[in-house]
Amino acid sequence: MLQSKRLILAHFWLAFGSLALALPLGAWQMWARSPLHPWVGDPDLYYRSVTAHGTTLGYVFPTLVAMGFGYAITEVALQRPLIGLKWAWAGWLLIAVGAVTALTPVSMGLASVLYTFYPPMIGNPFYYIGVVLVVVGSWIWVGLMVVNVYAWKRAHPGAPVPLPMYVNVAGSLLWGWTAVGAALELLFQIVPASLGVMHTIDAGLARVFFSWTLHAIVYFWLIPTYIAYYTIVPRAIGGRLFSDSMARLSFALFLVVAMPIGVHHLFSDPQVGAGFKFVHSVFTALVAVPTLLTVFTITASVEIAARLRGGRGALGWLKALPWRNPMMLAVAFSFVMLGFGGAGGLINMSYQLNQSIHNTQWVTGHFHLIFAGAIVIMYFAIAYDLWPHLTGRSLADMGLIRAQLWTWFVGVTVLTFPWHWVGILGMPRRMAFYDYTDPAIAPQALSVDASVVGAVILLVSAALFIVVLIRGHLAPRTAEQEYRFSVAVHPPKTVPVALNGYGLWVGLMLLLTAINYGFPIAHLMSRQDTSVPVIHIGATR
């Protein structure tokens with residue numbers, strides 16, 4: 001039974017409130033640089049918007065969703081109150097204060113450095129201090145997840161950790177270590193430079209540190225989505241999970257191979273040798289293993305649900321699926337977008353093919369298709385599933401919920417597919433202005449206009465989502481029902497030690513981090529000729 005409802009609702013409302021504030025910034029960026037709008041005149045306005053949009057949706061929004069969902073999982077799966085409730089509220093407060101602290105100088109034009117920081121550009125120190133507060137708040141959550149699962153294990157020696165909690169803690173551990181790279185960059189390079197303690201910075205070393213975080217953070221964003229695939233979808237559509245063990249293995253593999261792969265974002269950077277770039281490319285390909293395990297397991301689980309509903313034949317069971325069920329719609333849309341986004345990722349991870357789309361709008365289209373598409377649509381589904389249990393009131397607007405999911409799917413598709421196309425044509429990303437009277441890019445204007453339409457559809461869909469949640473709060477109270485997760489076809493009575501703990505997988509994660517990052521970081525730190533002058537953004541000096 002959920003006991004910390006106010007805590008969980010506070011995380012979700014702050015998350016979705018931040019989404020509601022940041023989404024219009026993205027839509028404005030699309031409109032401002034399209035043929036539909038004249039040149040804004042001041043590029044700093046554009047880059048302020050990009051920085052605020054990326055910081056909010058990259059650090060604040062998904063972190064709060066993961067934390068709120070994690071607290072709900074802890075109480076339901078372990079069937080005991082959350083240990084450390086006051087610490088959980090402290091983490092939430094740190095994130096709220098950190099978000100305001102970071103975004104205030106951005107809004108003033110003092111930190112237009114994008115959410116990836118991009119030294120030697122250096123913004124106002126309060127921007128970085130705010131980001132640090134967000135990370136520290138999230139680390140409190142990581143610690144609480146570990147404390148709660150090991151307290152449960154002490155009370156239940158030898159018993160399998162409930163699957164939802166096992167994968168939840170795996171995701172928290174992934175984030176705890178993932179954030180270390182950016183934390184090192186901030187604490188030892190960027191913050192001292194922003195405070196004037198350092199006047200030069202090794203931008204190459206900073207980019208290596210950030211690459212430690214840059215790609216693995218995507219898997220942190222993805223973890224709540226994957227947890228929902230395994231622990232909510234089968235139950236919500238009337239079926240059972242195909243395999244408990246395969247779910248555990250998938251998350252354990254994510255813990256190992258999702259982190260030490262970020263140098264594939266630095267293929268065009270000279271400070272990392274070709275050998276390490278190749279190693280990171282190979283490990284990036286290995287992420288396909290837990291992904292394909294997930295696709296197989298969830299597809300099998302969905303088929304089980306269809307056959308329990310009377311589905312027959314090799315493919316005839318597809319017609320028996322509950323297509324009007326919002327959870328079924330959400331997972332179907334998520335899988336479609338994950339498939340296209342993953343296929344695009346094969347280009348990004350290839351040392352050779354990446355050169356053809358490096359720093360083009362293809363990259364923007366790729367990560368928006370994965371994050372805004374496959375990931376966020378399942379965040380909506382998680383909220384829809386939990387909301388009646390958090391508020392004690394039912395969500396009766398099934399038609400509105402289906403409309404919201406459809407419009408989000410259509411909006412992301414219309415937004416991102418043209419981005420991929422103009423990226424192939426060579427349109428650079430992160431540009432505040434494009435001159436569409438130039439014959440070289442004039443043919444791309446129609447595709448850019450289409451992306452603007454997609455952004456508008458997403459605004460409409462987000463508004464529908466907020467309306468659904470608010471109407472849920474205003475609905476009549478209903479009898480409280482127990483929240484439950486999916487049950488496996490064969491619920492495990494015992495599981496292998498390796499799939500009931502984290503020691504092996506965390507050890508492998510640390511080892512691979514040392515192998516894949518140890519030499520590049522040590523080599524750059526040993527050099528005295530790689531630093532460049534700091535460039536202060538928004539400063540008069």
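If you go through segment 228-246 one residue at a time, do you hit one that is touching a Pro at 6+ places or on another chain (Cβ under 8 Å), assigned to a helix (DSSP H, G or I) and closer than 29 Å to Ala522 by Cβ? No; the residues of segment 228-246 include none that is touching a Pro at 6+ places or on another chain (Cβ under 8 Å), assigned to a helix (DSSP H, G or I) and closer than 29 Å to Ala522 by Cβ. Taking the criterion of being open to solvent by 10 Å² or more (accessible area, probe 1.4 Å), part of a helix (DSSP H, G or I) and among the hydroxyl-bearing types (Ser, Thr, Tyr), would at least one residue in segment 320-341 satisfy it? For segment 320-341, residues open to solvent by 10 Å² or more (accessible area, probe 1.4 Å), part of a helix (DSSP H, G or I) and among the hydroxyl-bearing types (Ser, Thr, Tyr): absent. Here Val468 fulfils each of the conditions (1) at pLDDT 95 or above; (2) open to solvent by 60 Å² or more (accessible area, probe 1.4 Å) apart from (2).
Yes/no per residue for (1) open to solvent by 10 Å² or more (accessible area, probe 1.4 Å); (2) part of a helix (DSSP H, G or I):
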{"site": "Leu173", "(1), (2)": "yes, yes"}
{"site": "Arg248", "(1), (2)": "no, yes"}
{"site": "Asp269", "(1), (2)": "yes, no"}
{"site": "Gly275", "(1), (2)": "yes, yes"}
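Could you grab me the full set of residues in segment 138-159 that are touching a residue at least 60 places away in the same chain (Cβ under 8 Å), surrounded by 20 or more Cβ atoms within 10 Å (Cβ to Cβ) and over 30 Å from Met121 (Cα atoms)? Listed by number, the residues that qualify are Trp141, Leu144, Met145, Asn148, Val149. Selection within segment 33-61: residues that are aromatic (Phe, Trp, Tyr) and within 14 Å of the chain's Cα centre (by Cα). The member of this set that is farthest from Tyr127 (Cα to Cα) is Phe61.
Val218 passes every criterion in (1) open to solvent by 20 Å² or more (accessible area, probe 1.4 Å); (2) β-branched (Val, Ile, Thr); (3) within 20 Å of Asn325 (Cβ to Cβ) apart from (3). If I filter segment 391-405 for residues that are under 20 Å from Ile470 (Cβ atoms), out of contact with any Ser or Thr (no Cβ under 8 Å at 6 or more places or on another chain) and without any contact (Cβ under 8 Å) to a residue 12 or more places away in the chain, do I get at least one hit? Yes, segment 391-405 contains a residue that is under 20 Å from Ile470 (Cβ atoms), out of contact with any Ser or Thr (no Cβ under 8 Å at 6 or more places or on another chain) and without any contact (Cβ under 8 Å) to a residue 12 or more places away in the chain. I'd like the full set of residues that are farther than 20 Å from His53 by Cα, assigned to a loop (DSSP other than H, G, I, E, B) and in contact with an Asp or Glu (Cβ under 9 Å, 6 or more places away or on another chain), limited to segment 418-464. Once the filter is applied, which keeps residues that are farther than 20 Å from His53 by Cα, assigned to a loop (DSSP other than H, G, I, E, B) and in contact with an Asp or Glu (Cβ under 9 Å, 6 or more places away or on another chain), segment 418-464 yields only Ile441. Residue-level check: of (1) modelled with pLDDT under 95; (2) outside any helix (DSSP H, G or I); (3) among the aliphatic types (A, V, I, L, M), Val197 misses just (1).
Does Gly238 satisfy being open to solvent by 10 Å² or more (accessible area, probe 1.4 Å) and over 25 Å from Gly373 (Cα atoms)? The answer is no for Gly238.
Screening the candidates Thr63, Thr55 for the property of being open to solvent by less than 60 Å² (accessible area, probe 1.4 Å), in contact with a Ser or Thr (Cβ under 8 Å, 6 or more places away or on another chain) and not small (Gly, Ala, Ser) yields one hit, Thr63. Exactly one residue out of Leu415, Leu395 is part of a loop (DSSP other than H, G, I, E, B), touching a helix residue (DSSP H, G or I) at 6+ places or on another chain (Cβ under 6 Å) and either buried (at least 24 other Cβ atoms within 10 Å of the Cβ) or not acidic (Asp, Glu) (or both): that is Leu395. Annotation: Thr291 fulfils all but one of (1) β-branched (Val, Ile, Thr); (2) touching a Phe, Trp or Tyr at 6+ places or on another chain (Cβ under 8 Å); (3) within 22 Å of Ala236 (Cβ to Cβ); the unmet one is (2). For segment 342-372, a residue qualifies if it is open to solvent by 70 Å² or more (accessible area, probe 1.4 Å), in a helix (DSSP H, G or I) and among the hydrophobic types (A, V, I, L, M, F, W, C), and the qualifying residues are Leu346, Phe367. Of the set (1) open to solvent by less than 40 Å² (accessible area, probe 1.4 Å); (2) among the aliphatic types (A, V, I, L, M); (3) over 20 Å from the mean Cα position of the chain (by Cα), all apply to Val456 but (1).
If you take the residues in segment 90-113 that are within 22 Å of the chain's Cα centre (by Cα) and surrounded by fewer than 18 Cβ atoms within 10 Å (Cβ to Cβ), which one is farthest from Val131 (Cα to Cα)? So, considering only residues that are within 22 Å of the chain's Cα centre (by Cα) and surrounded by fewer than 18 Cβ atoms within 10 Å (Cβ to Cβ), the one farthest from Val131 (Cα to Cα) is Leu93.
Of all residues in segment 505-526, those that are without any contact (Cβ under 8 Å) to a residue 24 or more places away in the chain and either surrounded by fewer than 16 Cβ atoms within 10 Å (Cβ to Cβ) or not in a helix (DSSP H, G or I) (or both) total 6. The set of residues in segment 436-451 that are open to solvent by 80 Å² or more (accessible area, probe 1.4 Å), under 33 Å from the mean Cα position of the chain (by Cα) and among the hydroxyl-bearing types (Ser, Thr, Tyr) is empty.
Every listed requirement among (1) modelled with pLDDT of 95 or more; (2) surrounded by fewer than 17 Cβ atoms within 10 Å (Cβ to Cβ) is met by Thr478 save one, (1). Kindly indicate whether any position in segment 30-44 is part of a helix (DSSP H, G or I), buried (at least 21 other Cβ atoms within 10 Å of the Cβ) and out of contact with any Asp or Glu (no Cβ under 6 Å at 6 or more places or on another chain). Yes, that holds for at least one residue. Taking the stated definitions as given, is Leu9 hydrophobic (A, V, I, L, M, F, W, C), part of a helix (DSSP H, G or I), out of contact with any Pro (no Cβ under 6 Å at 6 or more places or on another chain) and under 23 Å from Phe367 (Cβ atoms)? In short, no. Do we have Val169 as farther than 30 Å from Ala203 by Cα, modelled with pLDDT of 95 or more, of a type outside the set (Phe, Trp, Tyr) and open to solvent by less than 20 Å² (accessible area, probe 1.4 Å) here? Taking the combined requirement at face value, the residue satisfies it.
The values are calculated or read from the model by the stated rules, or taken from the named source; none is laboratory data. Just so you know, these numbers come straight off a predicted model, no measurement behind them. For neighbour counting, all protein chains shown are included, and Cβ atoms are generated from backbone atoms with ideal geometry for every residue, glycine included. When the accessible area is computed, the model is the full protein with side chains, heavy atoms only, and any ligands, DNA or RNA have been set aside. Shrake-Rupley method; radii C 1.70, N 1.55, O 1.52, S 1.80 Å.
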